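Working notes, beginning with the structure itself.
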Amino acid sequence: MNLPNKLTVSRLILTGAFVACFYIPWLQAMTAALLIFSVASITDYLDGKIARDRNLVTNFGKLFDPLADKVLIAAAFILLVERTEMKAWIAIAILAREFFVTGIRLIAANQGAVLAAEKLGKHKMVWQIVTVLYFLLSAASAEMLFGFLRPWLEPSPAHWWVGASIVGITTALTLVSGFSYFWKNKHLFNDA
């Protein structure tokens, strides 16, 4: 297994550790979750960059890199709905898009094609990560390490507007990128 694929697998393992932070009762749980999610997000950037730069792109990477992304993001949004002020409809919209794109990839694979991630999807992923980081940082600001940020991240109109703006951009990019992915691959549905 090459380095980019190892980084992809490590993201799945880090996702398990990230989820555990939400259920292990200790005082710095949100700080640990924030740090683990940050490292997992960095592996998403690194595995793609290394694979392209070193010509290590594989079918495993094309399939499992986006899958690892989806598992990480799905876990993050579901847990944020449970533990923060994140609204459930946001997680539902994001998960629906991810399942939809995975369905398109499965149809392509059934027809002998492997669909790689697209640029718009990568922008969507960046905004999803920014959204998760914002809400995790807000939750972690109640703990010691990030407590100095509490005055800026405690509930207030400004905090609400920043959160709503980030969520709005993320949701719009998520839906537009899903539609774009379908549109570019609509030929896969010719027999429907």
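A few remarks follow.
- On Cα atoms only, tilt of 59-83 relative to the major axis of the chain in degrees: 30
- Computed from backbone phi, the HN-Hα couplings of region 145-158 come to 4, 10, x, 5, 8, 3, x, 8, 10, 6, x, 6, x, 5 Hz, rounded to whole numbers (Karplus: 6.51 cos²θ - 1.76 cosθ + 1.60, θ = phi - 60°; Gly and Pro given as x).
- Loop-located GluC sites (Glu not before Pro) across region 38-142 with a Cβ neighbour count of 16 or fewer within 10 Å are Glu85, Glu118, with loop assigned by DSSP.
- Whole-angstrom Cα spans of the chain along principal axes, big to small: 54, 35, 28
- Candidates Leu34, Leu133, Ala109 compared by Cα position along the dipole of region 3-189: farthest toward the positive end lies Ala109, with charges placed on Cβ.
- The slack in the chain from Ala142 to Ile92, taken as 0.36 nm per residue of separation less the alpha-carbon distance, amounts to 15.3 nm.
- Helix 88-110 axis versus longest C-alpha principal axis of the chain: approximately 20°, rounded to the nearest ten.
- Qualifying chymotrypsin sites (Phe, Trp or Tyr not before Pro) for region 6-89 [loop in DSSP, other Cβ within 10 Å: at most 14]: Tyr23, Trp26
All of the numbers you see were taken from the coordinates with simple rules; none came from a lab. Because the structure is a prediction, the values reported are computed rather than measured. Backbone-built Cβ (ideal geometry, glycine too); neighbour counts: all protein chains shown.
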